[in-house]
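Right, one structure below, let's go through it.
The values are calculated or read from the model by the stated rules, or taken from the named source; none is laboratory data. Keep in mind that this is a model prediction, so the values were computed, not measured. Neighbour counts run over all protein chains shown; Cβ positions are idealised from the backbone, glycine included. We work out accessible area using only protein heavy atoms, side chains counted, and drop any ligands, DNA or RNA first. Shrake-Rupley method; radii C 1.70, N 1.55, O 1.52, S 1.80 Å.
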Amino acid sequence: MVDEFKEPLYSHPKAESSVMAAPVKQSTVENPIDIFVIANAAGKNPEDTDAKMETARRDDIPDTTDAEVRNGQNSDTLATAADDSNLFQIHIDESLALIKELGQKVNILEPFGSFSTSLYDTAWLARVRTPDGDWLFPQCFQHLIHTQEPEGGWPIYGADTDGIMSTMASLIALRDHYRHNPENASIPVPRPLIGERILLAEANLRHRLQVWDVALAVHVGFEILVPSLLDELELDDSIKKFEFTGRPLLMSMNQRKLRKFRPEMIYDPVTTTLVHSLEGLVGKIDFDRVSHHLTHGSMLASPAATAAYLIYSTDWDPAAESYLRSVVANGSGKGGGSVPTAFPSAFFELAWVTSTLLKTRASTEILALPDAVKISAFLEYQLERHGGAVGFDEGLLEDSDDTAKVILVLRLLGIRVFPKRLIAEFEDKDNFRTYKYEMSVSLSVNCNVLAALVHCQDPETYHSQIVKISRSLCRDLLSGNVRDKWNLTNGYSFMLLSQAFVKLIQIWDSGLIGQLPEDLIREQIPIALLHTLLQILHTQTSAGYWAFKNHESLEATSYAVLALNALSTLPWVLYIRPQVLAAIRNGAAYLAQHRDEWRQDEHLWVAKVSYALPTVARAYIIAAVGADSNTSHAWGTKATTIVTVPNNALRSKALHYSKKLACFAGDEPLDKDGIIFAWIAMNRRHNYPLPNTALRDMMKLFVLMLDLDERMKNVFSELGSPERLEFIRELRSALPKIISFDDGEPQPAPNGDNGKARNGTDVDNEGINGDQENGHQDNDKLAAVMADLRRYASHILDHPAVVRSSADIRIQLHNQMLNCLFSGLGLEETYTRLATPEQDTLANGATDLPCDVASPGVQSTVGSKSQMPVALIFLTCIAASPADEDFFRGLRGRFLLSVISGHLTTMCQHFNNWATVAPDPAEGSLDSFNIFGYHLLFGWDGVQRHPKGKTAISPLKKDLFLLLEYERGCLNQALDKLEAEMKGKQKETWKMGAIKAFLEMVDVYRHL
C-alpha cells in the first residue's frame, strides 16, 4: 500500500475502528497540541462529545465467540428486548401476511399500487374542468384546502423540492378556482377566503424558493417542471416575478435539459420519459397531438401528466377521465380527494416485495403459499408477454430496473430466464441505463441489474456485463458518488450493492463464473464492501436505529440491517464480525419494538416528488427483522485468500496506532502505515467527507512528503558544507524544470505515476563539484532527491483533478510548490553558512543574516518551507464536486481558505521550532531560534548566559507557545467564518468536514 498504493485498504480494516486509548496528556506549554480530543473521538460524530468508548470495540481482549457476543457483548444491547426466536416468528408471520395480501390483489386482476398520496398531483386534478365548465374533482380541491398550512404553504415530506412543487401547483389551483367560481357559488370555501389563501401561499412560496438549494434537487424532471410552473404563475399580472438565489442555476439546468428538445419528439409514436412529465411542456407542445401516448387512459401512469392532457386538449378524452377517476377511487387516497404520484405500479411492487422476502429465512414458508405461486406465474407471464422487458406496470415504458427485479424473482424461484432483452435494450458503454433513451445513470439500478445477472443460471454468459457494472459501481462508490436518483438515502444503494457484490464473490469463488480481473475482485470490490460496512456501522445510533435527516427511520434501519447481514458472511469480515452481528441484532430488535409503526409512511423514494412505498418498505422491514445472525457461507480458497494478512498482525498494528494517535506514545516518528491509519481516522471522525479515491490520493501525498523530507534530511546530513552548498545550487537550478507548469499534454512517465512524467535535468558526469572521487556518490544523491521530487510533483501537478481545475488554481498550486521548495532550500543554505566557524562571530553580535532569515517571523518567511499549503490546495482539487468545478466558486470562500492556509503554514513552523528549541547549529537546524535573534541572547544550547556565570533556562519555549496559540486562534477564527459562510448550503456541508479532517491530520503529522 505504501510503495505503490496497490495493496487495498482492507488490509487494515481495524484502522477504521474507533478504538482509541484514553489520552494521558493535555494541551500545555510542554505539549501544545489539542489533538488528544480528536484522537479520543476518532471514528465518532464530532457532535457526540458525550459518547464513551464502546466496549464492543475490544481490541485489548481476545476474539469472542458469537455466543459470547449474544450473551452480553454489550450490557446496553437492545437484543434483550426480543430474542431470536421471537424475531423469527414475527418475520414469518409478517412475510406470509404480506405475500397473501399481494396475492389477493393479483387474483382480482384490477390495477393496484400503494404509492403514497401526492399534493402536487392532487393539485393538478383539482384544476380539471369538464366540457360543461364544472370541476371534475371538487374533492381534490377540498383536500388542498384542508392540507394548506397556516403559513400558507403545503407540507414538505422527503425534501424541500416537494414543498416547493406542491405549493406552486396548489397556488395555481387556488388561482383557477378564484377566477372561475362566481361570487355566490356554492363551494367549500368562499371566494374572498380563497383570495386570502392565495396571498399567504404566494408569500410562503417566495420564502421557500429563496432558501431552496437547487443543486441538491434530485427529483424526476424538476428542472422542467419548476420553470414551467413559474411561467404559469408569472403569466398572472397580479403576481410579481419570483426572484431567488437559485433561479440562474435552475434555468441553466432547464436549458441543458431542453437544449435538444423538439415538439416532434413528443408527436412521434416512440414513447419516452418526457411523456411522464407532460405537464412541464405546457406552452411548448400541442396537446391535441399526444393522445397516442395514452396507455389505459394514462400518460405513463402519471395523474399530473394525464390531468394536464385533459386541461390543455381541445377535445375531451373519456379514457383519460376514466383513468383519473380510477386513480381517485383506487389509489392510496381511497376516494378522499388525494391521489398518488404514479398509479398503477403492480409489477414494481410485486417484484420488489417478492425478491426481498424470497432471500430471507421465510422463503420455504412463502414458497408453500398458493399466493406466491400466483405472483410468480403472473410475473413470468408478463415478462414473456412483453418480450423480456417490462415497465412498472402493464403496457408502460420498459426499464432495466423493473425488468431486472422480475428476472431476479423468477431466478430465486428456480425458473430459467434469459436476460437478452435487458442487455440489448439498456446496456451502455460503461454501465446500464434505466430507460432506453435516458442519459443519466442510477447506482441502484445498476445494482439491481448486477443482482439479476449473477443469479442467472449461467452467469459466465454475461461475464463482460458483470465486469462492466462492477467497475462502474466501484468507481461511483469510491469516488463518493452514491446519491441515487430513485431513493433519498444512501442506505438503499449500500444494501443493493452489498447483496449483489457478495453474490458475485460467491459465484466466483465456486467457479460459476470465470476469471475476473485481479484488481476488481481482489482490490476494488473488497475495498468498496469494507467501505460500505464501516460507514453503516459508524452511523448506527446507540438506540439501534439508523436515521434519515436526523430522524428515526424504520425503513433506513432495514436497509442497513440487510446490508450488514449480507456483508457479515464475507471471510475478511470475521475479525469484526462480533460488532457486525451486534449491530444487526440491535437493529432488528429496534424494528420489532416499533412493529405498530410499520405501516407509517416514510417519504424516502423519489419521483416528481418524494413518496412513501408502504408495501415495499414493509417487505424490507420484515426481511430485516428476520436477519439471521448465524448466517454463514462455506467459502473456498479463492475467497479466503483475497485478504492474506493474519488477524493477529492486524490487531497488533491497529492497537499500536490507535494508542499512539490517542496519547502520542513512543519516541519513534510517525511511519507510513501510521499516516494511512491517521487519515482514515480523521476522515471517519467527520463522517467520511472524502471519498476513498481522494483519501488514497491524500495518503499517497503525505507518504511522498515524508519520503522527500527524509531523503533531504539524510542527504544534507551526509554532505560537508561546501558540498551541501553546491548541492543546493544544483537542486535550485533543477527545480523549475521538475516543477514545470504546462498546459499541454504531459508525456507518459516511466514510473507510471498518474500516467505522467515531470521534466528533469541531467546530472553532470563529473559530479556536483567536479570532484571525480566524490562526484559519483554525490550524483547518486542528487538523482535520488530529484526522483523523489518528480514523484511528488507528478502526483500533484499531473493528477487528473488538478489538470481539469481552472487555470488560476493550477497556477496558484504550481507557484506555491516552487515558493515552498525554493524557500526551504534558501533556509538550508543559510543554516549551512551559519554552521561554519564564522558562527562565533555571528553569535557575538553580528546581524548580517539574509533578510528572509533575520526578519521577525512574518508568515511569508517563517512558514515558507512548509508543504501543507500545497497539500491543502491539492485537496480542494481532488475533492471538488462536481469534478469540473472549483472547490469554492465564490470569492469569500477562496479568500478565507487562503487565510486558513497562511495561518496553518505559520503554525506548523512554530510548532517545529517549539519542538527543537535548543538547536545544534552543527546540524543546520536553527529555525526561529535564530530567526528571531535569540542567538544574540542565548547560547546555541538555549541556555541564558549571565555576567556572574549563572545560567537560566531559555524562555523561548514559552514564547514560541504563545506564537503558536496566536496562530491557532487566527486559524480557528478564519475557519469559523468559513463555516458561517457555508451555513445553509446543505450540499456543501461536507466541505467543512474535509477541511477539518485535513487540518487535524496536519496536527497529527506534525506532532508524530
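Spot the failing condition for Leu205; the list is (1) out of contact with any Gly (no Cβ under 7 Å at 6 or more places or on another chain); (2) modelled with pLDDT of 85 or more; (3) open to solvent by less than 20 Å² (accessible area, probe 1.4 Å), and only one is missed.
(1)
Of the residues that sit in segment 585-596 and are in contact with a strand residue (DSSP E or B) (Cβ under 9 Å, 6 or more places away or on another chain) and in a helix (DSSP H, G or I), which one is surrounded by the most Cβ atoms within 10 Å (Cβ to Cβ)? Spell out how you get there, then give the answer.
First, pick out the residues of segment 585-596 that are in contact with a strand residue (DSSP E or B) (Cβ under 9 Å, 6 or more places away or on another chain): 587, 590, 594.
When the remaining residues are screened for being in a helix (DSSP H, G or I), the result is 587, 590.
On the way: Gly587: 29, Tyr590: 25.
Taking the candidates together, the pick is Gly587.
Of all residues being closer than 19 Å to Ala607 by Cα and of a type in the set (Ser, Thr, Tyr) in segment 347-406, which is nearest to the chain's Cα centre (by Cα)? Just the residue, please.
Per the stated criteria, the residue is Ser400.
Among (1) under 23 Å from Val606 (Cβ atoms); (2) touching a helix residue (DSSP H, G or I) at 6+ places or on another chain (Cβ under 6 Å), there is one condition Val211 misses while meeting the rest; what is its number?
(2)
Are any of the residues in segment 694-701 farther than 27 Å from Ala528 by Cβ and modelled with pLDDT of 85 or more?
Among the residues of segment 694-701, not one is farther than 27 Å from Ala528 by Cβ and modelled with pLDDT of 85 or more, which makes the answer no.
Looking at Lys996, Lys977 in this structure, which one is under 30 Å from Met698 (Cβ atoms), open to solvent by 60 Å² or more (accessible area, probe 1.4 Å), at pLDDT 75 or above and basic (Lys, Arg)? Before you say what the answer is, go through the steps one by one.
Details: Lys996 fails: open to solvent by 60 Å² or more (accessible area, probe 1.4 Å).
Just a single option satisfies the conditions, and that option is Lys977.
Just to check your reading of the model, which residue among Ala543, Ala500, Ala582 is crowded, with 21+ Cβ neighbours inside 10 Å and over 21 Å from the mean Cα position of the chain (by Cα)? Please lay out each step first, then the result.
Numbers: Ala543 fails: crowded, with 21+ Cβ neighbours inside 10 Å; Ala500 fails: over 21 Å from the mean Cα position of the chain (by Cα).
Only one candidate passes the filter, namely Ala582.
Within segment 546-564, which residues are open to solvent by 30 Å² or more (accessible area, probe 1.4 Å) and out of contact with any strand residue (DSSP E or B) (no Cβ under 8 Å at 6 or more places or on another chain)? Explain how you work it out, then say what you get.
Here is the first cut: in segment 546-564, the residues open to solvent by 30 Å² or more (accessible area, probe 1.4 Å) are 547-552.
Correct list: Phe548, Lys549, Asn550, His551, Glu552.
Tell me yes or no: at least one residue of segment 842-852 is closer than 21 Å to Glu730 by Cα and either open to solvent by less than 20 Å² (accessible area, probe 1.4 Å) or modelled with pLDDT of 70 or more (or both).
No, segment 842-852 contains no residue that is closer than 21 Å to Glu730 by Cα and either open to solvent by less than 20 Å² (accessible area, probe 1.4 Å) or modelled with pLDDT of 70 or more (or both).
Which numbered condition in (1) open to solvent by 70 Å² or more (accessible area, probe 1.4 Å); (2) in contact (Cβ under 8 Å) with a residue 24 or more places away in the chain is the only one that Leu235 fails?
Here Leu235 clears every test but (2).
Any idea which of Leu604, Leu661 is at pLDDT below 65 and crowded, with 17+ Cβ neighbours inside 10 Å? Can you show your working first?
Working: Leu604 fails: at pLDDT below 65.
Among Leu604, Leu661, only Leu661 is at pLDDT below 65 and crowded, with 17+ Cβ neighbours inside 10 Å.
Taking the conditions exactly as written (of a type outside the set (A, V, I, L, M, F, W, C) and more than 13 Å from the chain's Cα centre (by Cα)), does Thr489 satisfy them or not? Let's see the steps before the verdict.
Numbers: of a type outside the set (A, V, I, L, M, F, W, C): yes; more than 13 Å from the chain's Cα centre (by Cα): no.
Judged against the criteria, Thr489 is not a match.
Every residue in segment 794-812 that is open to solvent by less than 30 Å² (accessible area, probe 1.4 Å) and either over 11 Å from Phe874 (Cα atoms) or of a type outside the set (Gly, Ala, Ser) (or both), please. Lay out the reasoning, then the answer.
Applying the first criterion (open to solvent by less than 30 Å² (accessible area, probe 1.4 Å)) to segment 794-812 yields 794-799, 801-802, 805, 809.
Residues satisfying the conditions are Ser794, His795, Ile796, Leu797, Asp798, His799, Val802, Ile809.
Filter segment 337-369 for residues that are outside any helix (DSSP H, G or I), farther than 30 Å from Tyr120 by Cα and open to solvent by 10 Å² or more (accessible area, probe 1.4 Å) and give the result. So that I can check it myself, show each step before the final result.
Taking segment 337-369 as the starting set, the residues that turn out to be outside any helix (DSSP H, G or I) are 337-345, 358-362, 368-369.
With farther than 30 Å from Tyr120 by Cα added as a condition, the list becomes 358-362, 368-369.
The answer is Leu358, Lys359, Thr360, Arg361, Ala368, Leu369.
To keep it simple, each residue is scored yes or no on (1) touching a residue at least 12 places away in the same chain (Cβ under 8 Å); (2) open to solvent by 10 Å² or more (accessible area, probe 1.4 Å).
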residue	(1), (2)
Lys429	no, yes
Arg433	yes, yes
Val445	yes, no
Leu453	yes, no
Glu460	yes, yes
Ser472	yes, no
Arg483	yes, yes
Ser493	yes, no
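Among all residue pairs at least 6 apart or on different chains, which show Cβ distances below 6 Å where the first residue, located in segment 155-180, is at pLDDT below 95 and the second is hydroxyl-bearing (Ser, Thr, Tyr)?
Within 6 Å, the pairs are Tyr157/Ser610; Gly158/Ser610; Ala159/Ser610; Asp162/Ser610.
Looking at this structure, is Tyr309 buried (at least 18 other Cβ atoms within 10 Å of the Cβ), under 29 Å from Val327 (Cα atoms) and among the aromatic types (Phe, Trp, Tyr)? Explain how you work it out, then say what you get.
Values: buried (at least 18 other Cβ atoms within 10 Å of the Cβ): yes; under 29 Å from Val327 (Cα atoms): yes; among the aromatic types (Phe, Trp, Tyr): yes.
For Tyr309, the condition - buried (at least 18 other Cβ atoms within 10 Å of the Cβ), under 29 Å from Val327 (Cα atoms) and among the aromatic types (Phe, Trp, Tyr) - is met.
Would you mention how many residues in segment 537-564 are at pLDDT 95 or above and in a helix (DSSP H, G or I)?
Selection size over segment 537-564: 11.
Any residue at all in segment 108-129 that is in a helix (DSSP H, G or I), modelled with pLDDT under 95 and either open to solvent by 50 Å² or more (accessible area, probe 1.4 Å) or hydrophobic (A, V, I, L, M, F, W, C) (or both)? Reasoning before the result, please.
Filtering segment 108-129 down to residues in a helix (DSSP H, G or I) leaves 108, 119-126.
Among the residues that remain, those that are also modelled with pLDDT under 95 are: 108.
Pick out the ones that are also either open to solvent by 50 Å² or more (accessible area, probe 1.4 Å) or hydrophobic (A, V, I, L, M, F, W, C) (or both) and you get 108.
The answer is yes; a qualifying residue exists.
How many residues, within segment 320-336, are in contact with a helix residue (DSSP H, G or I) (Cβ under 9 Å, 6 or more places away or on another chain), part of a helix (DSSP H, G or I) and open to solvent by 20 Å² or more (accessible area, probe 1.4 Å)?
1
Could you pull out the residue among Leu174, Leu225, Leu200 that is assigned to a helix (DSSP H, G or I), out of contact with any helix residue (DSSP H, G or I) (no Cβ under 7 Å at 6 or more places or on another chain), surrounded by 14 or more Cβ atoms within 10 Å (Cβ to Cβ) and at negative phi? Spell out how you get there, then give the answer.
Values: Leu174 fails: out of contact with any helix residue (DSSP H, G or I) (no Cβ under 7 Å at 6 or more places or on another chain); Leu225 fails: out of contact with any helix residue (DSSP H, G or I) (no Cβ under 7 Å at 6 or more places or on another chain).
Every option except Leu200 fails the conditions.
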